[in-house]
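This report refers to the structure that appears directly beneath it.
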Amino acid sequence: MLLGTLLAFAMHVSASDTETMYIGTYTDPAGSKGIYRVVLDSETGQLSEPVLAVEATAPSYIAIHPSGKFLYSVNEYSSGEASSFKVQAEGLKKLNTVTFDGGGSCHISIDPSGKWAFISAYGGGALTLLPILGDGSLGKVSDRFANKGSGPNKQRQERPHMHFSSADPSGKLLYACDLGTDEILGFRLDDKPGKLTPIPSVKAEPGAGPRHFAMDPRGRHLYCANELALTISVFRRNTDTGALSPLQTLSALDHAEPKNGMSMAAIRVHSKKPFAYASIRGKDAIAVFGIQADGRLKLIENQP
């Protein structure tokens, strides 16, 4: 049993009916010790007992390299740390740790080419770009973007809070959610020098608190889960310029109810079927949406 909080998981798909999954956690002397490994039986849906893959401090978010050979994590307790690991049959072997200016780093993602790691810092309100070297280890900071601004929620939006970032399917454009400023920020990734060039951003509704997004497989629409408002913002995306335009905002709740104690967390889009799924904390439910032909969503149910 993991006594720390389970924060994120990454999956390494095998050719058999089993898939290896890694779980990131908050750590504690009396609880979780780092990153855990479980095996999923894709026929039965059963998970094996978690086994410690490697000790690490607060690896609250983790990401697998496209090759499946490496895994990366952030240390959310730090003022800015990310670590790299080699995936081995018996667990994870640490390669290195890189430090940077990014307090409360809460998310890491890898671009489709496997050359870059993007790190979002909630506390520092910054986005950091790290190169991935030939041996899978992380290099020194290539670029950093610190946002400015605030939102109407004085308790949660007093300053920028970068929460999530991910590249588009081409790997040439990057988007980031800033919960503190209600923005979905856009950047063009210049691969050779490793620089981020801002493109026009777009805003969710005031006080929405954009936390996490997902794109459809072809990158035509972006679906953003808003933590504070418990809504989903849908944006149409120009796949050439990267520009986002608002298309729809809808509630993630299937009926009117008090929102106290509830908030949105993550959203995923099915890789083959027209469905999206978003997690609702506090209600402990998954909001299930159908994706319409024009990219808009239709709420189907809240699944406990």
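Within the bounds of the stretch 25-33, is there any residue that is in contact with a Ser or Thr (Cβ under 7 Å, 6 or more places away or on another chain), in a strand (DSSP E or B), surrounded by 22 or more Cβ atoms within 10 Å (Cβ to Cβ) and not acidic (Asp, Glu)?
Of all residues in the stretch 25-33, those in contact with a Ser or Thr (Cβ under 7 Å, 6 or more places away or on another chain) come to 25-27, 32-33.
Narrowing the set further to residues that are in a strand (DSSP E or B) leaves 25.
Still in the list and also surrounded by 22 or more Cβ atoms within 10 Å (Cβ to Cβ): 25.
When the remaining residues are screened for being not acidic (Asp, Glu), the result is 25.
Yes, some residue in the stretch 25-33 is in contact with a Ser or Thr (Cβ under 7 Å, 6 or more places away or on another chain), in a strand (DSSP E or B), surrounded by 22 or more Cβ atoms within 10 Å (Cβ to Cβ) and not acidic (Asp, Glu).
Return the residues of the stretch 50-71 that are in a strand (DSSP E or B) and among the charged types (D, E, K, R); say none if nothing qualifies.
GLU55
ASP111: open to solvent by 60 Å² or more (accessible area, probe 1.4 Å), in contact (Cβ under 8 Å) with a residue 40 or more places away in the chain and under 20 Å from the mean Cα position of the chain (by Cα), yes or no? Step through it out loud before you land on a result.
Values: open to solvent by 60 Å² or more (accessible area, probe 1.4 Å): no; in contact (Cβ under 8 Å) with a residue 40 or more places away in the chain: yes; under 20 Å from the mean Cα position of the chain (by Cα): yes.
No; evaluated as a whole, the condition is false for this residue.
Only one entry of ALA82, ALA53 meets the criterion of being within 14 Å of SER137 (Cβ to Cβ) and small (Gly, Ala, Ser), and that entry is ALA82. Output the residue which, of all residues in the stretch 217-234 that are open to solvent by less than 60 Å² (accessible area, probe 1.4 Å) and not aliphatic (A, V, I, L, M), is nearest to the chain's Cα centre (by Cα). Ranking the candidates gives CYS224 first.
Scanning the stretch 258-289 for residues that are of a type in the set (Gly, Ala, Ser) and in contact with a Phe, Trp or Tyr (Cβ under 6 Å, 6 or more places away or on another chain) turns up just one, ALA276.
Tallying residues that are touching a Lys or Arg at 6+ places or on another chain (Cβ under 8 Å) and modelled with pLDDT of 95 or more within the stretch 72-93 yields 7.
Among the residues in the stretch 161-172, are any open to solvent by less than 10 Å² (accessible area, probe 1.4 Å), closer than 24 Å to ASP101 by Cβ and aromatic (Phe, Trp, Tyr)? No, the stretch 161-172 contains no residue that is open to solvent by less than 10 Å² (accessible area, probe 1.4 Å), closer than 24 Å to ASP101 by Cβ and aromatic (Phe, Trp, Tyr). Residues in the stretch 190-216 that are of a type outside the set (Asp, Glu), open to solvent by less than 60 Å² (accessible area, probe 1.4 Å) and not in a strand (DSSP E or B): 5 in all.
Residues are listed down the side, and each one gets a yes or a no for (1) more than 23 Å from ILE232 (Cα to Cα); (2) aliphatic (A, V, I, L, M):
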site	(1), (2)
SER109	no, no
SER113	yes, no
LYS148	yes, no
LYS154	no, no
SER166	no, no
TYR175	no, no
LEU196	yes, yes
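Looking across the stretch 119-147, the residues that are aliphatic (A, V, I, L, M) and in a strand (DSSP E or B) come down to ILE119, ALA121, ALA126, LEU127, LEU129, LEU130, ILE132, LEU138, ALA146.
Residues checked against (1) β-branched (Val, Ile, Thr); (2) loosely packed, with under 15 Cβ neighbours inside 10 Å; (3) touching a Cys at 6+ places or on another chain (Cβ under 6 Å); (4) without any contact (Cβ under 8 Å) to a residue 24 or more places away in the chain:
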| residue | (1), (2), (3), (4) |
| --- | --- |
| SER42 | no, yes, no, no |
| GLU49 | no, yes, no, yes |
| VAL54 | yes, no, no, no |
| THR57 | yes, no, no, no |
| ALA63 | no, no, no, no |
| GLU76 | no, no, yes, no |
| ALA82 | no, no, no, no |
| GLN88 | no, yes, no, yes |
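Checking the stretch 139-151 against the condition returns a match, with at least one residue being open to solvent by 10 Å² or more (accessible area, probe 1.4 Å), touching a Phe, Trp or Tyr at 6+ places or on another chain (Cβ under 6 Å) and within 14 Å of LYS195 (Cα to Cα).
Got a sec? Which of ARG296, ARG281, ARG268 is of a type in the set (Lys, Arg), surrounded by 12 or more Cβ atoms within 10 Å (Cβ to Cβ) and under 26 Å from PRO198 (Cα atoms)?
Working: ARG296 fails: under 26 Å from PRO198 (Cα atoms); ARG281 fails: under 26 Å from PRO198 (Cα atoms).
That would be ARG268, the only listed residue that is of a type in the set (Lys, Arg), surrounded by 12 or more Cβ atoms within 10 Å (Cβ to Cβ) and under 26 Å from PRO198 (Cα atoms).
The values are calculated or read from the model by the stated rules, or taken from the named source; none is laboratory data. Bear in mind that the values here come from a model prediction, so they are computed numbers and not experimental data. Here Cβ is always computed from backbone atoms with ideal geometry, including for glycine, and neighbour counts include all displayed protein chains. To get the accessible areas, we keep the full protein, side chains included, count just its heavy atoms, and leave off ligands, DNA and RNA. Shrake-Rupley method; radii C 1.70, N 1.55, O 1.52, S 1.80 Å.
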